Amino acid sequence: MHITGLHHVAIIASDYARSRDFYCRALGFKVIAENWREERQSWKLDLALPGGGQIELFSFPSPPPRPSRPEACGLRHLALACDDAEAMRGHLQDQGVSVEGIRVDEYTGARFFFCADPDGLPIEFYQAAPAA
């Protein structure tokens, strides 16, 4: 028995349409499947990530807010690899997304920055290698 990789990350949105727009338009993720689950009054959207992983985006009636800052116990953030942090940051700004400044990892030298999804989930964009 061997783990072969990360299959998906599940995210619950407070405003499904707003989050769907963010992940599809601003981040450019492609829809694999979108289903209305009548019994749960919930949407389930499967989004393809480059490299084979997926994000499952859910809606539920009245989900509780996510504790985030100060640092809360549990999943801290979603980190997405990118080939050019500066270009990715500029793209998000062009899409109207508020982004933090680019930082450099003091241990690896990698460039990275953060933004938040519509519900405040921190998303890190991590450029491990120098931009070409």
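Name the residue, out of P50, P65, that is under 29 Å from T4 (Cα atoms) and open to solvent by 90 Å² or more (accessible area, probe 1.4 Å).
Result: P50 is the single residue among P50, P65 that is under 29 Å from T4 (Cα atoms) and open to solvent by 90 Å² or more (accessible area, probe 1.4 Å).
Could you pull out the residue among F58, F112 that is within 18 Å of Y126 (Cα to Cα) and surrounded by 13 or more Cβ atoms within 10 Å (Cβ to Cβ)?
F112
Between a first residue in the stretch 86-109 that is under 21 Å from G120 (Cβ atoms) and a second residue that is surrounded by 12 or more Cβ atoms within 10 Å (Cβ to Cβ) and of a type in the set (S, T, N, Q), which pairs have beta carbons less than 7 Å apart while being 6 or more apart in sequence or on different chains?
Listed pairs, sorted by first residue: V99/Q93.
Taking the condition in contact with a helix residue (DSSP H, G or I) (Cβ under 7 Å, 6 or more places away or on another chain), open to solvent by 50 Å² or more (accessible area, probe 1.4 Å) and at pLDDT 95 or above, does W36 pass?
Criteria not met by W36.
Which pairs do you get when a residue that is among the basic types (K, R), found in the stretch 16-38, comes within reach of a residue that is not in a strand (DSSP E or B), reach meaning Cβ atoms under 6 angstrom, with the pair 6+ apart or on two chains?
R18/P118
The values are calculated or read from the model by the stated rules, or taken from the named source; none is laboratory data. Treat the numbers as computed from the prediction; the structure is a model and nothing was measured. When we count neighbours, we look across all protein chains shown, and the Cβ atoms used for this are built from the backbone with ideal geometry, even at glycine. For accessibility, only protein heavy atoms count, side chains too; no ligands or nucleic acids. Shrake-Rupley method; radii C 1.70, N 1.55, O 1.52, S 1.80 Å.
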